[in-house]
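Chemist: Quick one: the structure is below, questions incoming.
The values are calculated or read from the model by the stated rules, or taken from the named source; none is laboratory data. Model, not experiment: these values are computed from the prediction. Glycine also receives a Cβ, built like all others from the backbone with ideal geometry; neighbour counts cover every protein chain displayed. Side chains included, ligands, DNA and RNA excluded: accessible areas come from the protein's heavy atoms. Shrake-Rupley method; radii C 1.70, N 1.55, O 1.52, S 1.80 Å.
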Amino acid sequence: MTATNDARALHDLLSRAIEMSDTVENSWGAMLAVEATSREFTRRHAEVVGLYTGTLALIESLPEAARERAARYDRKWWTAIVAPRVTWHQNTAMVSVVDRPALDQLASFADLVEARLENSLAVPGSTDLTELRAVVDEWLVALAEEKDLPAELRSGLIRTLTHVVWLIDNVDLFGVGRVAAAATEVVGEVAVVGQRLPPATRGEWVERGKKLIRVLVLLGGIASGVDVSLALTAGAVGVAGELLGGLAADPGVEAPGPADSPGSLET
């Protein structure tokens, strides 16, 4: 079952670790389904660290007692990921670096996060990424032909979009929450980079941006009152304002307001 959020995805990965009797290096290679000495392995393992930081951010949304309890275990989760006192390729079994009680606590925090933040961009209510992939592919095709943007801005947006594609391709490892977070970054870049477009081409840019926002609505988030990015706040101007324009007129779509506005997620 595909994890919807970072805490669940991290738990699912580390749950596999307690079954690994091989070295840390070989075990992580097996867990991430790639040769441990490859460049792709470093990329995937870095994303696991991203799951850890994402988990800490999710826990910050929980009540104080839960946050304090997590503080007693979070370093043990980090230790399971990086094994700082172990030479990875030598004869230390992966299972020996995973603290089982800490792993059980991570599962409990994942349960709590899902219960409190369900149907938000932090814990998307859908795992169907078909439409998001189609919109991202459309953006990549359009940017390949875009001549009105400075090369550095265009290449930066392409890198961000390509990362979304990579996360979609690896959603079984890293979960939907990582995809939603990366797609959110795209929306912010679209709003900022689009300011450099001439008025004649801005219309198509805005319409593609609206498609992306609508897909994020389906994943959960904006309709629950959560801002997509700092660029898309109440009173947004320029391309950001155009992206928001008309969204509230769509049935079931609620334009985002400030994080403390009515309907925002309060925990």
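Chemist: Taking region 138-162, which residues are exposed (fewer than 14 other Cβ atoms within 10 Å of the Cβ) and either in a loop (DSSP other than H, G, I, E, B) or of a type in the set (Ser, Thr, Tyr) (or both)?
Modeler: Result: Glu145, Lys147, Asp148, Pro150, Ser155, Thr162.
Chemist: Still on this structure, please answer the following. Can you give me the ranges of the helices (runs of 4 or more DSSP H) entirely in region 1-93 with at least 2 residues that are closer than 26 Å to Val113 by Cα and open to solvent by 10 Å² or more (accessible area, probe 1.4 Å)? Working first, answer last.
Modeler: Numbers: elements: 6-17, 24-31, 39-59, 64-70, 74-82.
Once the helices (runs of 4 or more DSSP H) in region 1-93 are filtered for at least 2 residues that are closer than 26 Å to Val113 by Cα and open to solvent by 10 Å² or more (accessible area, probe 1.4 Å), what remains is 6-17, 39-59, 64-70, 74-82.
Chemist: Please determine, by comparing only the residues of region 115-137 that are hydrophobic (A, V, I, L, M, F, W, C) and not in a helix (DSSP H, G or I), which one is modelled with the highest pLDDT. Steps first, answer last, please.
Modeler: The first filter runs over region 115-137 and keeps only residues hydrophobic (A, V, I, L, M, F, W, C), leaving 115, 117, 121-123, 129, 132, 134-136.
Filter once more, keeping what is not in a helix (DSSP H, G or I): 121-123, 129.
Values: Leu121: 83, Ala122: 86, Val123: 90, Leu129: 93.
It comes out as Leu129.
Chemist: Continuing with this model, one more query. If Val24 passes every condition in (1) free of Cβ contacts under 8 Å to residues at least 40 places away in the same chain; (2) farther than 22 Å from Phe109 by Cβ but one, which one does it miss?
Modeler: Of (1) free of Cβ contacts under 8 Å to residues at least 40 places away in the same chain; (2) farther than 22 Å from Phe109 by Cβ, only one is false for Val24: (1).
Chemist: On to the next question. For region 179-198, indicate whether the set of residues that are more than 24 Å from Thr53 (Cα to Cα) and outside any helix (DSSP H, G or I) is non-empty. Give the derivation first.
Modeler: Here is the first cut: in region 179-198, the residues more than 24 Å from Thr53 (Cα to Cα) are 190-198.
Of the ones still in play, those that are also outside any helix (DSSP H, G or I) are 197-198.
Yes, there is a match, as at least one residue in region 179-198 is more than 24 Å from Thr53 (Cα to Cα) and outside any helix (DSSP H, G or I).
Chemist: Here are Arg44, Arg16, Arg85: which of them is within 15 Å of Leu173 (Cβ to Cβ) and modelled with pLDDT under 95?
Modeler: Numbers: Arg44 fails: modelled with pLDDT under 95; Arg85 fails: within 15 Å of Leu173 (Cβ to Cβ).
So the residue among Arg44, Arg16, Arg85 that is within 15 Å of Leu173 (Cβ to Cβ) and modelled with pLDDT under 95 is Arg16.
Chemist: Would you pick out the residues in region 173-199 that are buried (at least 24 other Cβ atoms within 10 Å of the Cβ), under 22 Å from Leu32 (Cα atoms) and among the small types (Gly, Ala, Ser)?
Modeler: Selection gives Gly175, Gly177, Ala180.
Chemist: Let me ask something else. Evaluate the following for Arg202: is it open to solvent by 20 Å² or more (accessible area, probe 1.4 Å), touching a residue at least 24 places away in the same chain (Cβ under 8 Å), in contact with an Asp or Glu (Cβ under 7 Å, 6 or more places away or on another chain) and of a type in the set (Lys, Arg)? It would help to see each step written out before you state the result.
Modeler: Working: open to solvent by 20 Å² or more (accessible area, probe 1.4 Å): yes; touching a residue at least 24 places away in the same chain (Cβ under 8 Å): yes; in contact with an Asp or Glu (Cβ under 7 Å, 6 or more places away or on another chain): no; of a type in the set (Lys, Arg): yes.
So Arg202 fails the test.
Chemist: Yes or no: Leu106 closer than 29 Å to Val165 by Cβ and in contact with a Gly (Cβ under 9 Å, 6 or more places away or on another chain)?
Modeler: On the way: closer than 29 Å to Val165 by Cβ: yes; in contact with a Gly (Cβ under 9 Å, 6 or more places away or on another chain): no.
For Leu106, the condition - closer than 29 Å to Val165 by Cβ and in contact with a Gly (Cβ under 9 Å, 6 or more places away or on another chain) - is not met.
Chemist: Of the conditions (1) in contact (Cβ under 8 Å) with a residue 24 or more places away in the chain; (2) under 14 Å from the mean Cα position of the chain (by Cα); (3) over 21 Å from Ala57 (Cα atoms), Asp169 clears all except one; give me its number.
Modeler: The one condition Asp169 does not meet is (1).
Chemist: What is the one condition in (1) of a type outside the set (Gly, Ala, Ser); (2) open to solvent by 50 Å² or more (accessible area, probe 1.4 Å); (3) assigned to a helix (DSSP H, G or I); (4) more than 21 Å from Gly177 (Cβ to Cβ) that Leu112 does not satisfy?
Modeler: Of everything listed in (1) of a type outside the set (Gly, Ala, Ser); (2) open to solvent by 50 Å² or more (accessible area, probe 1.4 Å); (3) assigned to a helix (DSSP H, G or I); (4) more than 21 Å from Gly177 (Cβ to Cβ), Leu112 misses just condition (4).
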